[in-house]
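> My questions will all concern the structure given below.
Where a number appears in this text, it was derived from the coordinates with a stated rule and is not lab data. If you're wondering where the values come from, they're calculated on a predicted model, not measured in any experiment. Don't worry about glycine lacking a Cβ; one is built from the backbone with ideal geometry, like all the others, and counts go over all protein chains shown.
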Amino acid sequence: MTHPLIHLERRLLARYHLKENTVVCGEKILRVLSVANIDELLDQVTDENEIPFWAELWPAAIGLLQFLIAWPQLKGQTVLELGCGTGLAGLGVLLRGGVLTQTDYMVEALQFAAVNAARNGLSPAQCVQADWRHFSLRQKYDWIIGSDMLYEKKLHPFLWQIFHSNLSAEGQVVLADPGRLYAQQFMQIMEEHGWTVQTDRRLIDFEAKITPVDIYCCRPPKVAGQGPSQQAFYGNGRDRIG
């Protein structure tokens with residue numbers, strides 16, 4: 001009997017021009033499908049929420065993957081991934097025995113994530129379509145992870161709310177970012193509100209280019225306090241949501 005994900009992979013091959021990426025991470029060699037040229041998808045975009053950032057691999061995802069594969073305490077831990085894209089970083093969770101829920105705004109991203117897990121001999125994660133602005137999941141997770149997801153400042157308050165609502169008291173948030181100023185500002189706000197933030201910078205060699213990637217490991221305060229006001233995120237208040 002043909003595995004149902006084989007049919008899904010065939011549908012992706014029929015719809016997109018794809019490329020197979022080889023990602024070496026320690027002793028692991030992962031083969032991950034992505035869209036060959038996202039410029040082909042940009043011509044079809046009519047809504048800014050559907051810009052296809054999900055469709056290719058980013059150095060930050062590789063940095064997060066490296067961190068997760070090296071972490072010894074993931075087995076049986078519950079992990080929520082925000083903005084999973086093609087699913088590369090989440091493979092690190094699955095390889096380490098974590099219980100993974102992958103979310104993305106785009107259904108296509110979740111399809112790629114499921115196919116890429118299967119291509120690497122792993123059982124796909126639970127996949128949930130989700131909008132950070134109207135986040136419906138209520139479960140508490142041991143980990144919340146994400147890569148290159150702090151580029152849009154107006155979404156920061158919604159991410160903060162997810163961290164507050166969905167992270168267990170002893171959990172941690174791990175985010176990978178390619179050195180964006182917005183990410184640094186977000187981490188500063190977290191520290192100002194009692195979070196402990198540790199930063200690990202990695203140099204990611206991908207597609208003949210070296211990209212510095214910051215891995216932020218964030219633990220909540222022991223005593224939950226009031227979250228930051230919108231003023232903390234928006235500064236002078238001119239940059240508004242919606």
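> For the chain, find the longest principal axis of its Cα atoms and tell me its angle to the long axis of helix 181-192, 0 to 90°, nearest 10.
In the chain, helix 181-192 runs at an angle near 50 degrees to the longest axis.
> May I pose another question? When the C-alpha atoms of the stretch 81-138 are aligned to their principal axes, what extent does each axis show, in angstrom, from largest down?
Principal-axis extents of the stretch 81-138 (Cα, largest first): 33, 22, 14 Å.
> Do you know the relative contact order of the stretch 1-153, to the nearest whole percent, from alpha carbon pairs under 8 angstrom that are 6+ apart?
After rounding, I find 22 percent.
> Given the Cα-Cα distance of Ser136 and Glu152 and 0.36 nm per residue of separation, how much length would full extension add, in nm?
Between Ser136 and Glu152, full extension yields an extra 3.7 nm.
> How would His134, His17 line up from fewest to most surrounding beta-carbon atoms within 10 angstrom?
Working: His134 7, His17 10.
The most exposed by this proxy come first: His134, His17.
> Taking the Cα centre of the chain as origin and charging only Cβ (+1 Lys, Arg; -1 Asp, Glu), how large is the dipole, in debye to the nearest 20?
Working: 22 positive and 26 negative charges, 120 e Å.
Here the chain has a charge dipole of around 580 debye.
> To continue, here is another question. Going by C-beta contacts inside 10 Å, put Cys217, Cys84 in order with the fewest on the left.
On the way: Cys217 15, Cys84 30.
The order, fewest Cβ neighbours first, is Cys217, Cys84.
> A further question follows. How would the stretch 24-161 be classified by its alpha-carbon gyration tensor: rounded, prolate or oblate, with rounded meaning a/c under 1.5 and the a/b versus b/c comparison settling the rest?
Taking the square roots of the gyration eigenvalues as a ≥ b ≥ c, the stretch 24-161 is oblate.
> Quickly work out the Gln188-to-Leu12 label distance, labels modelled 7 Å from Cα along the C-beta direction, and quote it in nm with one decimal.
3.9
> Restricting attention to the stretch 101-140, which trypsin sites (Lys or Arg not before Pro) occupy a DSSP loop and are surrounded by at most 11 other Cβ atoms within 10 Å?
Numbers: sites: Arg119, Arg133, Arg138, Lys140; in loops: Arg138, Lys140.
Taking the stretch 101-140 and a limit of 11 other Cβ atoms within 10 Å, the loop trypsin sites (Lys or Arg not before Pro) found are Arg138.
> Sticking with this one: Separation between the Gln161 and Arg201 pseudo-spin-labels, each 7 Å from Cα along Cα→Cβ, expressed in nm?
Here the modelled spin labels are 3.5 nm apart.
> Which of the following values of semi-axes √(5λ) of the Cα gyration tensor in Å was calculated from the structure shown: (i) 26, 23, 14; (ii) 25, 22, 18; (iii) 28, 21, 18?
Correct label, based on the coordinates given: (iii).
> Quick one: if the Förster radius is 41 Å, what FRET efficiency do Gln44 and Ala169 give, using the C-beta to C-beta distance and rounding to 0.05?
Numbers: r = 43 Å, r/R0 = 1.06.
E between Gln44 and Ala169, to the nearest 0.05, is 0.40.
> Turning to a different aspect of this structure: My understanding is that a pair violates if its Cα-Cα distance is over 30 Å; which of Lys153/Lys222; Lys153/Lys209; Lys140/Lys209; Lys19/Lys209; Lys19/Lys154; Lys28/Lys153 do that in this structure?
On the way: Lys153/Lys222 27 Å; Lys153/Lys209 27 Å; Lys140/Lys209 38 Å; Lys19/Lys209 18 Å; Lys19/Lys154 32 Å; Lys28/Lys153 35 Å.
Those over the limit are Lys140/Lys209; Lys19/Lys154; Lys28/Lys153.
> Just grab the label-to-label distance for Asn37 and Lys19, each label 7 Å out from Cα along the Cβ direction, in nm (one decimal).
Distance between label points: 1.1 nm.
> Identify the GluC sites (Glu not before Pro) of the stretch 1-104 meeting these criteria: DSSP loop state and at most 16 other C-beta atoms within 10 Å of the C-beta. Display every interim value, and only then the final one.
Numbers: sites: Glu9, Glu20, Glu27, Glu40, Glu48, Glu50, Glu56, Glu81; in loops: Glu27, Glu56.
Filter output for the stretch 1-104: Glu27.
> Specify whether the C-alpha gyration tensor of the stretch 131-181 places it in the rounded, prolate or oblate class, a ≥ b ≥ c being the square roots of the eigenvalues: rounded for a/c under 1.5, otherwise prolate if a/b is larger than b/c and oblate if not.
Values: a/c = 2.43, a/b = 1.34, b/c = 1.81.
It comes out oblate by the Cα gyration axes.
> Still on this structure, I have one more. For the chain, what is the mean residue ellipticity at 222 nm derived from helices alone (per DSSP H run of n ≥ 4: -39500 (n - 2.57); sum divided by total residues; nearest 500 deg cm²/dmol)? Mind dumping the intermediate values first?
Numbers: 8 runs with 77 residues, N = 242.
Calculated from helices alone, the mean residue ellipticity at 222 nm is -9000 deg cm²/dmol.
> Mind checking the angle between helix 107-119 and the chain's longest principal axis? C-alpha axes, 0 to 90 degrees, to the nearest 10.
Approximately 60 degrees, to the nearest 10.
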